[in-house]
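The values are calculated or read from the model by the stated rules, or taken from the named source; none is laboratory data. Please read these numbers as outputs of a predicted model, since none were measured by experiment. Cβ placement follows ideal geometry from the backbone for every residue including glycine, while neighbour counts extend to all protein chains displayed. Note: accessible area is taken over every heavy atom of the protein model, side chains too, but ligands, DNA and RNA are not part of it. Shrake-Rupley method; radii C 1.70, N 1.55, O 1.52, S 1.80 Å.
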Amino acid sequence: MKFFAIDLQRVRHVDGRTFRTGLATALLATVAFAGVAHAFQEAPMLKAEVDAGKLPPVDQRLPTHPMVVNAVEVGQYGGTWHRAYTGPGDRWGPTKLMEERVLKYVPDADGNISLVPAYIESYSVNDDSTEFTFTLLDGMKWSDGEPVTTEDVAFWYNDVFMNKALTPTVDPTFSPGGVPMTLEVKDDRTFTIKFAQPYVYFLNILAKDSTGEPSLDRPSFLYPKHYLMQFNDHYASADDLAKAAADHGVQRWIDLWGSKGPITSWWQNPDLPVITAWKIETPAPANVVTMVRNPYYWAVDQEGNQLPYIDHIEHRLFDAADSFNLMIVQGQIDMQMRYVNTSDFTFFKENEAKGDYHVGTSISANVWSFVPNLNTTDEQLHTLFNNVDFRHALSVGIDRETINELGFAGLAEPRSVSPVSGSPYFNADWETHWTEYDPDLANELLDKIGLSERDADDYRLLPNGKRLQIVVEAYQDYAAPILEVAADYYKDIGIELLPRIIDRTQWDDNRDNNNFQIQYTPVDRLTVVSADPRNTMGNDSYAQQYYVWYSTEGKSGIEPPADDPIRTIWADWDKASVAGSVADADAALNDMIGTFVDQGFVIGLVGEEKAPMIVKNNFMNVRDNLIQDDVTRGIGFAQPQQFWIKQSQ
């Protein structure tokens, strides 16, 4: 079934057209506010600071023409949004509440995906999609009140993006054809990004991933020069950098940077100037992490009220799904989608009145999957995982209907890892590729590749005489029953699956350090695939070390065999990224996706679930049935700055 749609004209914004903020038409689109200064209102907590002389008036904190977020309903100021988190490694959950990109994916009135400007007055694309010009909002400020100008843009480019110490390798998504993008600053608000070849997907990529590492919230093209220059080797002395590293408990000054760095991770650093609606107040690790509104946030609602509506966000630590569910039933969660498990849908519904909440739903673009590590250091498994027949056997050897009923309350659908319904790249044949349950075929394939010998317990034997055992790791404790069901199915075809539930930080480290066999995870980025094709290309997935080799041009990682189909995937992306038209780019991208699906590099189980979300009855402006994908930045797609809490009279 088709859950959503993507308006390609809005998403792509190319072919030489100029898009000004006043042209945006989506329900939650940003537009320039043309009202006079006295039309602006602010939160009472900020008004008190203005009256006390601690802050300038609201009209001096906002841009000359702030951006407008058309709220579902004009809200009330105040309150604290209570939610939960699992510890320091859970940094992306809070981050997605308040990320800002130069252009953002937002839902239109029908929930479809549209691309709109954010903290820019205008942007344009030249005729051959090699030059992209942006003009920042006039009078925009960082959260500490300092102006945002193209000095911050030049700092991002010259001192971070092109700084080999901080960015040793430019990701292929920012260097189509192998040539990194370049910057030309026009004036204090206007700059142009240039490419050596056409790049019709660039705006999509900006909306998803901004301009990448090294930071956490990743504002496109922007780093606060006035603050970060003290931690940058182009400005600070070696002695000062060494002292800063020691003061923050890291070995090298470059370790201050990155999504986990104590300086550029907003999650850890209350002093870091940001442009987001909230900023960190009490950082992780803490039993309760708190965020507070940014007094210089650059957007207002349709009536001129400076956003966000909510004063604070609190994230309370929990360590197990049962603890989190108890928090929900006790009314301690105001609004949350993360960690709200579909298998507990009935439980959540039964306790709505007790917890004073209702269960909303979003449409997940994830596909819960087994990701075999083609680069595993286990020689026996390395050979098997790189055999297409073995991957085929893993896929048809499991009953997805049972997984759906037992693990997802029947709210998902069996499918492969491929673009989801409503995506411009959706293909019905891809969706069902190798998804039939056929244990006879699985056994036939396993026998065919030389795994016909079995031990006394009827498990297959590897060529070295040892039992065929595979460890599958997950970081969600509610995944345990699903993995046990999967283990039963694989036992029937002679494979011993050994489930392990581990900490998320360890799970991430195992992936990054090539120390896993199979990981169980939701695979995302299946809506606007052109916005981030890297999962398909092996990054953070089934062939991380191959992708490192590709992205570093052979300087690091592991080189795949000359005839490995992953090389075809990379070649197709290389072709798509420099195509002169969207049609040509999409043709190459579809070829890339087709190879990925045909090879079955990742074993999709179920996806497109109607995912539950907990919404307290006094928590407003949360829309049901919006698509949730990493590409659209999860909950950020709903624009949380326009959420509000009904205040007691």
Quick check: with the 1.4 Å probe, what order do Glu314, Glu350 take by accessible area, largest first? Glu350, Glu314
Could you work out how much longer the chain between Leu461 and Asn618 gets when fully extended? Use 0.36 nm per residue separation minus the Cα distance between them, nm to one decimal. 50.7 nm
So how much slack lies between Ala109 and Thr552, counting 0.36 nm per residue of separation and subtracting their Cα-Cα distance, in nm? 155.2 nm
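Assign one of three labels to the chain, namely rounded, prolate or oblate, based on the Cα gyration tensor with a ≥ b ≥ c the square roots of its eigenvalues; rounded applies when a/c is under 1.5, prolate when it is not and a/b is larger than b/c, and oblate otherwise.
Working: a/c = 1.70, a/b = 1.40, b/c = 1.22.
Prolate, because a/c is 1.5 or more and a/b exceeds b/c.
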Note, the range 423-438: 3J(HN,Hα) by Karplus (6.51, -1.76, 1.60, θ = phi - 60°), whole Hz, Gly/Pro = x, goes 5, x, 10, 5, 9, 4, 5, 4, 4, 9, 4, 6, 9, 6, 7, 9
Sort out for me the Cα centre separation of the range 501-567 from the range 381-407, rounded to whole Å. 19 Å
Among the range 192-227, those whose backbone N falls under 11 Å of a label point 7 Å along Cα→Cβ from Asp584 are 198-200
Counting pairs of alpha carbon atoms under 8 Å apart in space and at least six apart in sequence, what relative contact order in percent does the chain give? 20 percent
Using a 1.4 Å probe on the protein heavy atoms, what percent of the accessible area of the chain belongs to carbon and sulfur? 47 percent
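Output the relative contact order of the range 480-556, whole-number percent, from Cα pairs under 8 angstrom with separation of 6+ residues. List each step's numbers first, then the result.
Values: 39 pairs, mean separation 13.2, N = 77.
Contact order relative to length: 17 percent.
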Using a 1.4 Å probe on the protein heavy atoms only, what accessible surface does Tyr77 show? Give it in Å² to the nearest 10. 40 Å²
Quick one: if you stick a label point 7 Å off each Cα along the C-beta vector at Phe347 and Asp171, how many nm between them? 3.5 nm
Here the range 392-407 yields Karplus 3J(HN,Hα) values (6.51, -1.76, 1.60; θ = phi - 60°; whole Hz; Gly and Pro given as x) of 4, 4, 4, 6, 8, x, 10, 8, 5, 4, 5, 4, 5, 5, 7, x
Could you sort Ile627, Ile501 by their accessible area in this structure, using a 1.4 Å probe and putting the largest first? Ile501, Ile627
Those aspartates and glutamates that a straight Cα-Cα span of less than 16 Å connects to Lys54, excepting residues fewer than 8 apart in one chain: Glu42, Asp144, Glu146
Residues whose placed amide H lies under 5 Å from that of Gln41, excluding near-sequence neighbours: Asn305, Gln306
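Which order do the peptides 588-598, 300-310, 183-193 come out in when sorted by mean C-beta neighbours inside 10 angstrom, highest first? Spell out each step's value before the answer.
Working: 588-598: 20.5, 300-310: 22.9, 183-193: 16.1.
The densest-packed peptide leads the list: 300-310, 588-598, 183-193.
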Calculated from backbone phi, Karplus (6.51, -1.76, 1.60) coupling profile of the range 566-576 in Hz, x at Gly/Pro: 5, 5, 5, 4, 5, 4, 5, 5, 4, 5, 5
Quick one: accessible area per residue over the chain, 1.4 Å probe, rounded to a whole number of Å²? 36 Å²
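Report the charge-dipole magnitude of the range 314-461 in Debye, nearest 20, computed about the Cα centre from +1 at each Lys and Arg Cβ and -1 at each Asp and Glu Cβ. Present the calculation step by step, with values, prior to reporting the outcome.
On the way: 10 positive and 26 negative charges, 108 e Å.
So the dipole magnitude of the range 314-461 works out to roughly 520 debye.
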Could you give the distance between the Cα centres of the range 311-356 and the range 41-85, to the whole Å? 28 Å
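Averaging sequence separations of C-alpha pairs under 8 Å and six or more residues apart, then dividing by the length of the range 39-114, give the relative contact order as a whole percent. Show your work: numbers first, answer last.
Working: 22 pairs, mean separation 15.3, N = 76.
Normalised by residue count, the contact order of the range 39-114 is 20 percent.
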Could you pull out every residue, at least 5 positions away or on a different chain, whose amide H is within less than 5 Å of the one on Tyr85? Hs are placed 1.01 Å off N in the peptide plane, and Pro or chain starts have none. Arg316, Leu317, Phe318
Using amide H atoms built in the peptide plane, which far-off residues or other-chain residues are under 5 Å from Val300 H to H? Met67, Val68, Val69, Leu307
